[in-house]
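Input: a single structure, listed below in structure tokens.
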Amino acid sequence: MLNELSPVKGSKAKRKRVGRGAGSQGKTSGRGHKGQGSRSGGGVSRWFEGGQTPLKMRSPKRGFTNIFKKQYDLVNLKDLERFADAGSVTIQMLAEAGIVSGKKPVKLLATGQVSTALSVTVNACSEAAARKISDAGGKVEIV
């Protein structure tokens, strides 16, 4: 049944194979005379603009990227709730829990609340986060 199916007569045309010898489609085989397009493997990339300066180079550039900027893994106070029974939180514990990657320094931010006294060891901490932890009876140690 399925093996008897075939496309409608005339719907499938063979692809024109150009540049395969002198007699294929007559002299230049539809490739024109000389130039990049007539050569085998020749042709320009899709973004080539005929030799004029490309759009990416013509458009104005703004701003810059600071290569010395410190990139932090960010941790919020609400993420520390799971360590309430431990009493202390280290960068290694955060990495094991999957909260941070363990590759970048860790910065503590103040989103959320802390209900228990925690001793937190991180690389950086916002003032508001340090204040919330100290109000709960804990302390923040910057490494």
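From the list ASN66, ASN76, which one is polar (S, T, N, Q) and either farther than 18 Å from THR121 by Cα or over 30 Å from the mean Cα position of the chain (by Cα) (or both)?
ASN66
Condition check: out of contact with any helix residue (DSSP H, G or I) (no Cβ under 7 Å at 6 or more places or on another chain) and not polar (S, T, N, Q). Does GLY35 satisfy that?
Criteria met by GLY35.
Is there a residue in the range 38-60 that is under 30 Å from LYS104 (Cβ atoms), at pLDDT 90 or above and outside the structural domain of LYS104 (by TED's automatic domain parsing)? If you could, list the steps in order and put the result at the bottom.
Of the residues in the range 38-60, the ones under 30 Å from LYS104 (Cβ atoms) are none.
Checked against the condition, which is being under 30 Å from LYS104 (Cβ atoms), at pLDDT 90 or above and outside the structural domain of LYS104 (by TED's automatic domain parsing), the range 38-60 yields no hits at all.
Just to be sure, is GLY41 surrounded by 11 or more Cβ atoms within 10 Å (Cβ to Cβ), part of a loop (DSSP other than H, G, I, E, B) and small (Gly, Ala, Ser)?
no
Just name the residue that is farthest from LYS70 (Cα to Cα) out of those in the range 93-116 that are in contact with a Leu (Cβ under 7 Å, 6 or more places away or on another chain) and surrounded by fewer than 18 Cβ atoms within 10 Å (Cβ to Cβ).
Selected residue: GLN113.
Could you please tell me which pairs satisfy a Cβ distance under 8 Å, a separation of 6+ or placement on different chains, a first residue in the range 63-88 that is under 30 Å from ALA117 (Cβ atoms), and a second residue that is crowded, with 16+ Cβ neighbours inside 10 Å and of a type in the set (D, E, K, R)?
From residues that are under 30 Å from ALA117 (Cβ atoms), the pairs are TYR72/LYS107; ASP73/LYS107; LEU74/LYS107; VAL75/LYS107; LEU77/LYS132.
Can you tell me which residue is farthest from the chain's Cα centre (by Cα) among those in the range 24-37 that are surrounded by 10 or more Cβ atoms within 10 Å (Cβ to Cβ) and modelled with pLDDT under 85?
Among those residues, the one meeting the criterion is LYS27.
Is the range 16-23 home to any residue that is surrounded by 11 or more Cβ atoms within 10 Å (Cβ to Cβ) and not in a helix (DSSP H, G or I)? Talk me through it step by step, then tell me what you get.
Here is the first cut: in the range 16-23, the ones surrounded by 11 or more Cβ atoms within 10 Å (Cβ to Cβ) are 18-19.
Keeping just the survivors that are not in a helix (DSSP H, G or I) gives 18-19.
Yes, the range 16-23 contains a residue that is surrounded by 11 or more Cβ atoms within 10 Å (Cβ to Cβ) and not in a helix (DSSP H, G or I).
Give the residues of the range 110-122 that are within 19 Å of MET93 (Cα to Cα) and either of a type in the set (Val, Ile, Thr) or modelled with pLDDT of 95 or more (or both), sorted by residue number.
Answer for the range 110-122, where residues must be within 19 Å of MET93 (Cα to Cα) and either of a type in the set (Val, Ile, Thr) or modelled with pLDDT of 95 or more (or both): VAL114, THR116, VAL120, THR121, VAL122.
Is there a residue being at negative phi and touching a residue at least 40 places away in the same chain (Cβ under 8 Å) anywhere in the range 98-112?
No - not one qualifying residue is present in the range 98-112.
Which members of the range 61-88 meet the condition of being at pLDDT 90 or above and loosely packed, with under 10 Cβ neighbours inside 10 Å?
Of everything in the range 61-88, those that are at pLDDT 90 or above and loosely packed, with under 10 Cβ neighbours inside 10 Å turn out to be LYS61, ARG62, GLY63, PHE64, THR65, ASN66, ILE67, PHE68, LYS69, GLN71.
The values are calculated or read from the model by the stated rules, or taken from the named source; none is laboratory data. What you see is a predicted model, and the numbers here were worked out from it, not measured in a lab. Note that each Cβ is placed from the backbone with ideal geometry, even for glycine, and that neighbours are counted across all protein chains shown.
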